[in-house]
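Structure record follows, encoded as structure tokens.
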Amino acid sequence: MTSFNDFGLQEPITRALRDENYVTPTPIQAQTIPIALSGRDVIGIAQTGTGKTAAFALPILNHLIGNRRRPERKSARVLVLSPTRELSGQIADSFRTYGKYVRPFDVALAIGGVPINRQIRALQRGVEVLVATPGRLLDLVHSRALDINRIEVLVLDEADRMLDMGFIHDIKKIVAMLPRERQTLFFSATMPQQIVQLAGAMLNNPERVAVTPQASTAERIAQRVIHVDKPAKSALLTEVLKTESIDRVLVFTRTKHGADKVVRVLQKAGLAAEAIHGNKSQNQRERVLSAFRDGKLRTLIATDIAARGIDVDGVSHVINYDLPNIPESYVHRIGRTARAGRDGVAISFCDHEERAYLRDIERLIRMAITATDRRTGRQDHAAAPHHSANHQNERAHHRGNHQGRHGGGHGQQGARPQRQPQDKRKQDHEKNEPNGLGNVRFMQRTGEPRRSAGHRAQ
């Protein structure tokens, strides 16, 4: 399919797409939309930013137009589950954009962090589409404000991230309440065993579609690592923000407490910064995101979970204040820059305890990241690869002794920083923050624009 007109979508949908100047479908849209239009279940392997929102929203709208009827009170015809408030809000906005010429057409948003009474009122007359996070959806069901046994289409978006956030049991509870006769559209960036089992229990003879990740995004990102003593990270961040030519920068920390601490340090240094994480109210998060999106706020500090679903173009820099202990998260983080054909910069701070994480990241991306050394008593080797000949020999020796997750080896324990035990690593994360995913492999973000629809006409 080379045009949205090739799908045979209803006229109100194609008119809305023309208004948005969408012409050519992305690969996930070209594969998914015809299958979904036929009524079959779908397993889509695709990451955020590939256009998968339109891949499921457009055939759902087409179904609703072709089968017009008012939803019953306290019910919805379509249920979309997503892991975060921000992503849920973006999905709801996309449905409203693509369905703006469909009348009547009601979209409700059910997320935590805001009063539930307004959401209860929105559901009283029934809605065509309900976009929700799992926890708030169960709150509404248990309070008898919502009946989900009339759902015609279920969408589960970013299933692997829901596993990461501990929502898997909530998902199973929700699915058990749904009618067996329904269409299910299931999307995940990866397919670990638990997700495979969940999909097997939810879907009926699904068609599988997948988008192969492109390496072009990483090629447009200038990646650097700075070795630094842990206590000196704050001063180094202040220095980088003052000296780099930055339009907008997203700074990643591992925990919510760490994000707040970085904000206080930067504000003390006279640099405006705000944090976004799970402890912030929805109004606070929306205010900060709006300021960042509009360019009024240059520096945003975020955790991995809170940043999921942030749709902001023009991020020139990503800074890993804390290296992620899951290498795939590094790929996802730096994919926040270099959007829509632009160039970007990714700078990572690495203290002594994080060197093992850095080696895992380099093994995953199959490249040595250019590094400088700012540790006390060390000479600064600017713009030099941080792997010396001895270190390369050491890594080769490690590969001969231990089999690594990604085809290489982690090396002898005596020759590298001791990796934290799995349970200790889990303790490093606060509630609803990422924890160890074992062998889960995340797909690299594609080079497509972040927009959850097709390519814009030039």
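Overview of results
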read-out: Residues satisfying the stated conditions in segment 125-150, i.e. over 18 Å from Pro104 (Cα atoms) and aliphatic (A, V, I, L, M); value: Ala132, Leu137, Leu138, Leu140, Val141, Ala145, Leu146, Ile148
read-out: Every residue from segment 1-39 that is among the charged types (D, E, K, R) and more than 26 Å from the chain's Cα centre (by Cα); value: Asp6, Glu11, Arg15, Arg18, Asp19
read-out: Filter pass, Thr53 being at pLDDT below 95, part of a loop (DSSP other than H, G, I, E, B) and either within 20 Å of the chain's Cα centre (by Cα) or assigned by TED's automatic domain parsing to the domain that holds Arg96 (or both); value: no
read-out: Tally, over segment 360-375, of residues that are over 22 Å from Leu237 (Cα atoms) and not in a loop (DSSP other than H, G, I, E, B); value: 5
read-out: Check on Asp164, at pLDDT below 95 and under 25 Å from Gly66 (Cα atoms); value: no
read-out: Residue selected from segment 219-240 under the condition free of Cβ contacts under 8 Å to residues at least 60 places away in the same chain and either under 21 Å from Ile334 (Cβ atoms) or in contact with a Gly (Cβ under 6 Å, 6 or more places away or on another chain) (or both), by the criterion surrounded by the fewest Cβ atoms within 10 Å (Cβ to Cβ); value: Glu219
read-out: Members of segment 153-189 found to be surrounded by fewer than 19 Cβ atoms within 10 Å (Cβ to Cβ) and either of a type in the set (Asp, Glu) or not in a helix (DSSP H, G or I) (or both), listed by number; value: Gly166, Asp170, Leu178, Pro179, Arg180, Glu181, Arg182
read-out: Candidate set: segment 311-340, residues that are of a type in the set (A, V, I, L, M, F, W, C) and out of contact with any helix residue (DSSP H, G or I) (no Cβ under 6 Å at 6 or more places or on another chain); chosen: the one modelled with the lowest pLDDT; value: Ala340
read-out: Residue in segment 22-38 that is in the same structural domain as Ala189 (by TED's automatic domain parsing), assigned to a strand (DSSP E or B), touching a Lys or Arg at 6+ places or on another chain (Cβ under 9 Å) and of a type in the set (A, V, I, L, M) present; value: yes
read-out: Failed condition for Val251, given (1) over 18 Å from Tyr357 (Cβ atoms); (2) at pLDDT 95 or above; value: (1)
read-out: Options Leu198, Leu137: the member that is farther than 27 Å from Gln29 by Cα, crowded, with 20+ Cβ neighbours inside 10 Å and of a type outside the set (Gly, Ala, Ser); value: Leu137
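Yes/no per residue for (1) among the small types (Gly, Ala, Ser); (2) at positive phi; (3) in the same structural domain as Ala159 (by TED's automatic domain parsing); (4) not in a helix (DSSP H, G or I):
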residue: Pro71; (1), (2), (3), (4): no, no, yes, yes
residue: Ala76; (1), (2), (3), (4): yes, no, yes, yes
residue: Pro83; (1), (2), (3), (4): no, no, yes, yes
residue: Glu86; (1), (2), (3), (4): no, no, yes, no
residue: Gln90; (1), (2), (3), (4): no, no, yes, no
residue: Asp93; (1), (2), (3), (4): no, no, yes, no
residue: Arg103; (1), (2), (3), (4): no, no, yes, yes
residue: Asn117; (1), (2), (3), (4): no, no, yes, no
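The values are calculated or read from the model by the stated rules, or taken from the named source; none is laboratory data. Since this is a predicted model, take the numbers as computed values, not measurements. Cβ: placed from backbone, ideal geometry, glycine included. Neighbour counts: every protein chain shown.
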